[in-house]
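In what follows, a single structure is set out as structure tokens and then discussed.
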Amino acid sequence: MSVGVLSGRRVMIDPGHGGRFPGAVGPAGTQEKDVVLAVSKVLQADLVELGAEVRMTRSTDVEVAPGASLRDDLKARVDLANDWPADLLISVHANSAENASAKGTETFHAIKASDRSKTLAKLLQKSMIDDIGLTDCGVKASNFYVIKNTKMPATLVELGFISNPGEEQILADPAMQTRFGHSLSKGVADYFAVEAHVKPDGPSELPGDEGDLLAPGDPVEMLLIGQV
Ligand SMILES: [Zn+2]
């Protein structure tokens with residue numbers, strides 16, 4: 001991949017959670033907010049090297065809307081992407097489940113996503129499975145707030161299950177975080193290589209206000225909304 005190949009492309013990276021919101025926490029104490037920030041920074045560095053303009057919704061351990069509610073924190077992420085405007089958004093998360101044996105990598109697009117969002121999700125998922133090799137849980141549709149309300153192709157990746165002791169170890173390993181970042185940047189480059197051939201977002205796919213799910217990442221977080 002040559003330097004400058006992503007010149008002029010605007011990518012918004014959204015490391016999930018941060019500050020008062022740790023996201024999922026693994027059995028050994030690994031916090032999702034730390035894992036996804038480390039992976040996002042590698043992704044950022046790779047994309048900058050390829051010539052892209054990159055912004056992060058956060059680049060330290062902070063809330064994006066300090067002191068605000070979870071919903072306003074999510075809205076702040078969406079606003080940063082929509083106001084720029086970004087060409088695409090990638091929200092980076094780690095998964096969690098009651099069942100400690102749940103495992104694998106999955107990627108989400110919104111339910112009424114454009115073909116471009118679906119293509120982006122597919123290519124990111126493929127790159128992570130090819131490079132990291134966790135169980136392939138596939139590409140799924142869900143109206144997570146940050147991917148439903150952004151106006152550009154958007155996807156939410158769940159790197160692996162932090163609630164699974166084996167995957168928690170992988171996610172907490174800086175070398176593996178670097179590999180995840182590289183695999184995502186490869187997926188982004190793959191996406192921009194084919195984007196022109198994929199139908200763009202149409203007006204009918206602009207977001208509405210109804211039916212949002214508040215959670216940015218995983219089912220467990222949705223259940224915790226009332227407690228945040
Ligand atoms: Zn999350």
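The values are calculated or read from the model by the stated rules, or taken from the named source; none is laboratory data. If you're wondering where the values come from, they're calculated on a predicted model, not measured in any experiment. Please note: Cβ atoms are built from the backbone with ideal geometry, for glycine as well, and neighbour counts cover all protein chains shown.
Taking the stretch 33-49 as the search range and keeping residues that are more than 12 Å from the chain's Cα centre (by Cα) and under 20 Å from Trp84 (Cα atoms), which one is surrounded by the most Cβ atoms within 10 Å (Cβ to Cβ)?
The residue in question is Leu47.
Scanning the stretch 1-32 for residues that are of a type in the set (A, V, I, L, M) and crowded, with 20+ Cβ neighbours inside 10 Å, which turns out farthest from the chain's Cα centre (by Cα)?
The qualifying residue farthest from the chain's Cα centre (by Cα) is Leu6.
Among the residues of the stretch 127-182, which ones are of a type in the set (A, V, I, L, M, F, W, C) and free of Cβ contacts under 8 Å to residues at least 40 places away in the same chain?
Ile129, Leu134, Cys137, Val139, Ala141, Ile170, Ala175
When you go through (1) within 16 Å of the ligand (Cβ to nearest atom); (2) closer than 23 Å to Asp190 by Cβ; (3) not acidic (Asp, Glu) one by one for Ala97, which number turns out not to apply?
(2)
Condition first: surrounded by fewer than 23 Cβ atoms within 10 Å (Cβ to Cβ), modelled with pLDDT under 95, more than 16 Å from the chain's Cα centre (by Cα) and under 30 Å from Pro165 (Cβ atoms). Can you find one or more residues in the stretch 128-137 that meet it?
No: zero hits.
Just the residues that are crowded, with 16+ Cβ neighbours inside 10 Å and hydrophobic (A, V, I, L, M, F, W, C), please, taken from the stretch 63-87.
Listed by number, the residues that qualify are Val64, Ala65, Leu70, Leu74, Ala76, Val78, Leu80, Ala81, Ala86.
Being in contact (Cβ under 8 Å) with a residue 60 or more places away in the chain and either within 16 Å of the ligand (Cβ to nearest atom) or surrounded by fewer than 24 Cβ atoms within 10 Å (Cβ to Cβ) (or both) narrows it down to one residue among Ile111, Ile90; which is it?
Result: Ile90 is the single residue among Ile111, Ile90 that is in contact (Cβ under 8 Å) with a residue 60 or more places away in the chain and either within 16 Å of the ligand (Cβ to nearest atom) or surrounded by fewer than 24 Cβ atoms within 10 Å (Cβ to Cβ) (or both).
Please give the helices (runs of 4 or more DSSP H) falling wholly within the stretch 61-175 in which 3 or more residues are more than 18 Å from Phe21 (Cα to Cα).
70-83, 115-131, 165-172
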